[in-house]
Structure formats: structure tokens, C-alpha cells
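Remarks on the structure that follows.
What follows draws every value from the coordinates through simple rules; no lab data is involved. The structure displayed is predicted, hence computed values, not measured ones. Because the Cβ atoms are built from the backbone with ideal geometry, glycine has one as well, and the counts that use them run over all protein chains shown.
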Amino acid sequence: AHAQPETWPRVPLVYAQAANADFVEPLLDLLGHAARLRWERSRLPARRVLALAEQGRALGFGLGPTPQRLGQLAFSQPVFFGQLMLISRRERPLSPRSVDELKGLRVCVTRDASYGAELDAALGPVLQPEYTAGDLATRLRMLQGGRCDATLLTHRNDHLQQVEQRLLASGFTPEAFHIAPQPLARDPVCIAVAPQSPLRPYLDRIDQALALKRDAIRQLIDH
């Protein structure tokens with residue numbers, strides 16, 4: 001990597017501990033260079049990421065423009081579109097084509113994380129959420145132990161082999177689970193901050209960097 005010029009602004013940026021750092025870190029490197037920004041990065045619980053972005057104290061990476069957030073946050077253009085993958089137990093495989101097909105089922109989800117507008121709205125009325133503060137490994141343990149019927153994972157693409165690799169990296173045998181072949185939803189993943197924040201103008205630089213580096217980002221997404 002090239003040395004970053006000292007003249008570039010230092011910008012605090014936070015993203016969720018549950019995010020896939022092996023993908024997020026190179027992506028942020030790419031965007032930082034293109035936007036000529038030096039990130040001061042922190043990985044935090046999802047609740048804290050949202051709070052810091054809403055307070056205008058840091059840019060929040062990985063936030064989607066849900067109806068609730070649109071009044072509180074300004075958003076970059078989508079960095080990529082997250083594919084919402086449903087994981088169930090091998091002995092009770094689920095391959096729904098819509099959220100409604102999961103009605104009444106228990107789903108392990110990370111507290112304060114957003115899974116896109118449609119699914120967030122379904123938690124409670126349609127799906128029975130089993131909340132955890134933990135990472136993917138925690139949710140998979142809950143699923144394996146029968147505390148829920150399925151769990152959710154947002155991935156950068158819909159390549160099932162890559163999703164299996166994430167299960168493996170979390171310490172689980174992919175063969176014990178069933179990954180629904182069709183994503184449950186496809187939602188924009190953005191960088192966001194409070195509209196009145198002094199960090200807000202950096203979103204414009206990020207948008208320019210996204211336009212400039214679209215092909216390179218696509219390669220990272222498909223990799």
C-alpha cells in the first residue's frame with residue numbers, strides 16, 4: 001500500500017464487529033485512497049455504530065437507509081448490495097422465496113442490527129426473533145442448539161461457497177447447515193452520519209470515490 005499523505009484529513013469511521021473484516025478492511029483501504037481520507041477505524045457493537053453515526057461523531061459503515069433512519073442520517077451512495085442469506089439446520093432445511101414463508105419461525109438475530117426494511121418490519125409480526133449480542137458463531141451455536149429455526153447472514157454476494165467459508169471461519173462444519181440458495185433480500189449497504197455533523201461533507205467525497213472505483217469494488221465483491 002502507498003504511504004498516505006499527511007495532508008489527508010483524519011476521519012473517524014466505525015463498523016460492526018459482526019461484519020466480515022476480511023472484506024471490509026480492503027474495501028475501506030480502496031475507498032480511503034480514492035477519497036484521499038485517512039480512516040481512524042473502530043470495530044464496535046452494532047448499537048454503538050448506529051449511535052456514533054446518529055450523534056455525528058463518526059461515519060458509520062454498513063448502515064442501510066431504512067425508513068426509520070432516513071430522518072436521522074445522511075447516506076452515501078450504496079457501497080454494495082448486501083445479500084441476506086438464510087441459514088437453517090441440515091435436518092430441517094428452509095429455502096423460502098419470501099419473508100412471509102417464514103411466518104411463526106424463530107430466527108436468531110443480532111440485537112440492534114438491521115437486516116433491511118422488509119425483514120426489520122417482519123421481526124415480531126411475522127418472525128419470532130431470538131436476540132443475541134454475539135457474532136455469527138454465537139448465532140450458529142444457538143441454531144445448532146435448537147434455540148431458533150434459522151439465522152441470517154448478510155454477505156457481499158450470493159456465492160454459497162463463500163458463505164460456507166464464513167461458517168467454517170466461525171468454527172463450524174458447513175455440512176451441518178443448509179444455506180438457502182436464493183437470498184431472502186438484497187439491500188443497499190452505505191456509509192452514514194448525522195446530516196448536521198461536520199463529517200457530513202465527507203460523504204460527497206466518498207460518493208466520488210465510489211463512482212471512480214466501481215470496477216475495483218466489483219472485483220472485491222466477487223472475490
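Relative contact order of region 18-173, please, whole-number percent, based on alpha carbon pairs below 8 angstrom and at least 6 residues apart.
Reported relative contact order: 25 percent.
Taking a Cβ-Cβ separation under 4.7 Å as the criterion for a possible partner, which cysteines of the chain have none?
CYS190
Alpha carbons only, please: Rg and Dmax for region 82-186, in angstrom.
When restricted to Cα atoms, region 82-186 yields Rg and Dmax of 12.2, 33 Å.
Arrange the following residues from fewest to most other Cβ atoms within 10 Å of their Cβ: TRP8, TRP39.
Ordered by Cβ neighbours within 10 Å, fewest first: TRP8, TRP39.
Counting only other residues whose beta carbon sits under 13 Å from that of LEU167, what net charge do I get with K and R as +1, D and E as -1?
Net charge in that neighbourhood comes out at +2.
Among ALA122, TYR202, ALA180, whose Cα lies farthest out toward the positive end of the dipole of region 91-207, if unit charges sit on the beta carbon of Lys, Arg (+1) and Asp, Glu (-1)?
Positive-end residue among those listed: TYR202.
Rounded to the nearest 20 Debye, what is the dipole magnitude of the chain about its Cα centre when Lys and Arg each give +1 and Asp and Glu each give -1 at the C-beta?
On the way: 27 positive and 23 negative charges, 75 e Å.
Its charge dipole is roughly 360 debye.
For the chain, place one equal point scatterer on every Cα, skip the solvent, and apply the Debye formula. What is log10 of I(q)/I(0) at q = 0.11, 0.12, 0.16, 0.17 Å⁻¹?
-0.55, -0.65, -1.10, -1.22
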